[in-house]
Amino acid sequence: MTVRLRVAPSPTGDPHVGTAYMALFNLAFVRQQGGAFVLRVEDTDRARFQADSEQQVKDMLHWLGLDWDEGPDIGGPYAPYRQSERLDTYRPYVEQLVASGNAYECWCSSERLAQMRAQQQAAKLPTGYDRRCLGLTREQRAELDGFTETPVVRLLVPEDPPLHFADLIRGEVNAPRPDDQVLLKADGFPTYHLAVVVDDHLMGITHVVRGEEWISSTPKHLLVYDALGWDRPAYAHMPLLRNTDKSKISKRKNPAARLTWFGEQGYLPEALVNFLGLLGYSQPDGTEVFDFAQMSRDFDWSRVSTVGPVFDLEKLGWLNGEYVRALAPDDFAARGMPFLQSAGLVADPASDDERATLDALVPLVQTRVALLTELPALVRCFFVPEEAFSIEEAAAAKVTGSGTVLTAAADALETLTDWSTETVQAAMDAALIDGLGLKRGKAYAPVRVAVCGASVAPPLPESMAVLGKERVLRRLRVAATTLG
RNA sequence: GUCCCCAUCGUCCAGCGGCCCAGGACUCCACCCUUUCAAGGUGGCUACGCGGGUUCGAAUCCCGUUGGGGGCACCA
């Protein structure tokens with residue numbers, strides 16, 4: 001049997017990391033098994049619906065390389081893949097459930113339901129629908145209070161509903177007894193609980209992989225499968241990603257909950273994918289730097305943890321550095337360019353000169369960047385117009401009184417006809433180390449500040465070679481007076 | 001409140017009865033390398049929540065307890 005899995009985001013806002021996390025594990029298994037991966041849009045909540053959300057989700061998933069085989073944009077044998085376009089397919093099943101006595105209509109107003117729950121909680125009772133409408137006709141119910149015109153359809157949970165199910169990650173799971181859950185809302189839209197089951201069945205989904213938060217509603221779904229006479233899928237409930245305080249990861253408490261945040265912050269998609277594959281999961285050999293293909297190759301549900309991992313940015317930052325350093329030089333330049341452009345250091349599109357300068361800088365900065373957002377500060381002095389070049393105050397303060405050193409360096413460099421890393425360094429060493437008797441660290445510090453404007457910068461002779469004789473000399477002579 | 005899930009260094013993982021007075025990674029600290037900062041190298045700090053069992057033997061199994069998390073919507 002060929003395996004079919006899906007990821008089913010709800011277009012209610014900015015794409016969530018949890019969606020990528022689920023997609024990754026779904027997909028790792030799908031690709032290992034040679035099955036199909038479906039993207040289904042669960043847009044049954046018209047109150048929270050956001051029109052641009054679906055596209056953002058698709059963009060983010062593509063950015064991460066987590067691509068689907070069937071979906072609303074590319075179609076497939078089970079189209080449509082948007083639940084709002086499938087309203088007609090749910091209706092017959094609702095009718096069937098009502099006819100078979102597995103569901104019933106309910107006219108209770110939301111006010112009455114809220115009041116009922118409050119009372120139950122005050123009485124320290126489990127909350128749940130009290131079945132006020134069960135067995136009543138519309139007319140009979142209308143005579144009682146808390147009545148509302150348009151009914152919903154509720155699942156009738158039997159005395160002994162199925163509460164146990166096998167989970168690929170957790171083994172036998174014991175879930176709580178469900179409430180008489182609403183299946184069809186008053187607006188005619190199905191709730192999640194009806195729509196997932198119907199769609200998963202109709203779309204031939206074999207494995208339902210979702211967050212742990214769904215464990216408690218699985219019995220409802222089981223009930224619907226059974227009532228409709230359908231085979232149950234296999235279940236895998238993933239651990240929930242957490243904030244630092246261990247609560248379920250949220251956009252409110254954690255910027256990383258927002259998928260679009262990572263690109264803006266200079267993270268590489270392959271690093272994020274790798275990192276997500278490290279949360280609640282590990283490679284059999286303990287490898288920590290691995291790509292999707294490797295993860296998929298020996299993917300195993302039994303290796304997925306049941307403990308919700310804290311989404312810790314520090315390790316992701318390290319991992320990102322690993323990936324940044326592993327980038328081919330031209331790839332690094334290409335990925336870094338947008339950050340230089342948005343910092344206003346490079347024109348958009350970049351000129352040939354600017355490209356050439358960046359290419360020359362790559363070997364100097366690639367090991368010094370963990371996040372792409374760190375690049376602009378590191379290369380600022382190479383791109384900034386001479387008139388706008390300035391020395392950081394703190395850096396200047398560290399080397400005040402080095403006019404002699406700077407002048408000596410400038411004088412020595414002035415005579416150079418061949419301008420390269422080697423000749424520059426030789427000239428500086430001769431003038432400052434041999435000539436003034438300074439140690440290299442002492443000698444280079446003021447020069448670095450004068451030329452780069454900061455006390456932390458890429459290697460000095462290399463930087464000076466890239467900068468060119470003219471600009472270096474000008475900066476040295478200016479600094480010789482200002483730092484004199 | 002109620003039901004369910006979970007429990008190894010600060011964090012992410014390994015461990016699935018003896019190889020563990022617990023191993024790797026991130027972070028932090030020290031040292032080496034070194035023209036600054038990185039990168040790289042070496043070393044170090046730090047954990048099986050607690051209490052009972054079971055067993056010759058428990059981080060690993062069982063029970064309890066404590067702690068954390070999630071669900072309890074005409075949201076997903």
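Only the coordinates and a few stated rules stand behind these numbers; no lab work does. The shown structure was predicted, so the numbers you read here are calculated from the model rather than taken from an experiment. FYI the Cβ positions are ideal-geometry reconstructions off the backbone, even for glycines, and counts take in every protein chain you see.
Could you order the peptides A:337-348, A:189-200 from most to least packed, using the average number of other C-beta atoms within 10 Å per residue?
Numbers: A:337-348: 16.9, A:189-200: 22.8.
Descending packing order for the listed peptides: A:189-200, A:337-348.
Ranked highest first by average number of other Cβ atoms within 10 Å, how do A:467-479, A:427-439 line up? Numbers along the way, then the final one.
Working: A:467-479: 18.4, A:427-439: 15.8.
By packing density, highest mean first, the sequence is A:467-479, A:427-439.
Quick check: the angle from helix A:469-482's long axis to the longest principal axis of chain A, C-alpha only, nearest 10 degrees?
Relative to chain A, helix A:469-482 is tipped by roughly 80 degrees.
Percent relative contact order of chain A, based on C-alpha pairs within less than 8 angstrom and at least six residues apart?
Details: 709 pairs, mean separation 59.9, N = 484.
Contact order relative to length: 12 percent.
Working from Cα positions, state the angle (0 to 90°, nearest 10) between the long axis of helix A:53-63 and the longest principal axis of chain A.
With rounding to tens, the tilt is 50 degrees.
What is the stretch A:231-304 by shape, rounded, prolate or oblate, if you read a ≥ b ≥ c off the alpha carbon gyration tensor as root eigenvalues and call it rounded for a/c under 1.5, prolate for a/b larger than b/c, and oblate otherwise?
Details: a/c = 1.98, a/b = 1.25, b/c = 1.58.
Judged from the Cα gyration tensor, the stretch A:231-304 comes out oblate (a/c at least 1.5, b/c at or above a/b).
Karplus couplings for the stretch A:260-275 from phi (6.51 cos²θ - 1.76 cosθ + 1.60, θ = phi - 60°), rounded to Hz, Gly and Pro as x?
Each residue of the stretch A:260-275 in turn: 5, 5, 5, x, 4, 7, x, 7, 8, x, 5, 6, 5, 4, 4, 5 Hz.
For the stretch A:352-484, what is one quarter of the convex hull surface built on the Cα atoms, given in nm²? If you can, show how the numbers build up before the last one.
Working: hull surface 31.8 nm².
The Cα convex hull of the stretch A:352-484, projected and averaged over all directions, gives 8.0 nm².
For the stretch A:407-463, what does the relative contact order come out to in percent, with C-alpha contacts under 8 Å and a separation of six or more?
Numbers: 36 pairs, mean separation 17.9, N = 57.
Normalised by residue count, the contact order of the stretch A:407-463 is 31 percent.
So what J values fall out for the stretch A:42-49 if you push phi through Karplus, 6.51 cos²θ - 1.76 cosθ + 1.60 with θ = phi - 60°, rounded to Hz, Gly and Pro as x?
For the stretch A:42-49, the Karplus-derived couplings read 9, 9, 8, 9, 6, 6, 9, 4 Hz, x marking Gly and Pro.
Lysine pairs in chain A with Cα distance under 17 Å, only those 8 or more apart or on different chains: how many are there? Don't skip to the end; give the middle numbers.
Numbers: A:LYS185/A:LYS220; A:LYS246/A:LYS315; A:LYS398/A:LYS439; A:LYS398/A:LYS442.
Lysine pairs satisfying the spacing and distance rule in chain A number 4.
For the stretch A:54-173, place one equal point scatterer on every Cα, skip the solvent, and apply the Debye formula. What is log10 of I(q)/I(0) at q = 0.16, 0.17 Å⁻¹?
Debye output, listed in q order: -1.02, -1.04.
State, to one decimal in nm, how far the label point of A:ASP69 lies from the label point of A:GLU422, with both points 7 Å from Cα in the Cβ direction.
If labels sit at A:ASP69 and A:GLU422, their model points lie 5.8 nm apart.
For every helix of n ≥ 4 consecutive DSSP H residues, a contribution of -39,500 (n - 2.57) applies; sum these over chain A, divide by its total residues, and give [θ] at 222 nm rounded to the nearest 500 deg cm²/dmol.
Details: 20 runs with 211 residues, N = 484.
Estimated from H runs of four or more residues: -13000 deg cm²/dmol.
Rule-of-thumb check for chain A: C-alpha Rg over 2.2 N^0.38 Å?
Working: Rg = 31.6 Å, N = 484, 2.2 N^0.38 = 23.0 Å.
So chain A has a normalised radius of gyration of 1.37.
Cα centroids of the stretch A:335-383 and the stretch A:33-95: how far apart, whole angstrom?
If we compute the Cα centre of each part, the gap is 39 Å.
Whole-Hz Karplus ³J(HN,Hα) for the stretch A:22-35, in order, using 6.51 cos²θ - 1.76 cosθ + 1.60 and θ = phi - 60°, x for Gly and Pro?
Once rounded to whole Hz, the list reads 5, 4, 4, 6, 4, 5, 4, 6, 4, 5, 5, 8, x, x.
Which order do the peptides A:396-408, A:17-29 come out in when sorted by mean C-beta neighbours inside 10 angstrom, highest first? If you can, show how the numbers build up before the last one.
Numbers: A:396-408: 17.6, A:17-29: 24.1.
Sorting A:396-408, A:17-29 by mean packing, highest first, produces A:17-29, A:396-408.
Got a sec? Charge dipole of the stretch A:20-77, +1 on Cβ for Lys and Arg, -1 for Asp and Glu; which of A:ALA20, A:MET60, A:THR44 is way out at the positive end?
Toward the positive end, the furthest listed residue is A:ALA20.
Treating the angle as unsigned and between 0 and 90°, give the value, to the nearest 10°, between the Cα long axis of helix A:440-452 and the longest Cα principal axis of chain A.
70 degrees
Note down the magnitude of the dipole of chain A about its Cα centre, charges +1 on Lys and Arg C-beta and -1 on Asp and Glu C-beta and zero elsewhere, to the nearest 20 debye. Spell out each step's value before the answer.
Numbers: 49 positive and 65 negative charges, 250 e Å.
Taking the Cα centre of chain A as origin, the dipole is about 1200 debye.
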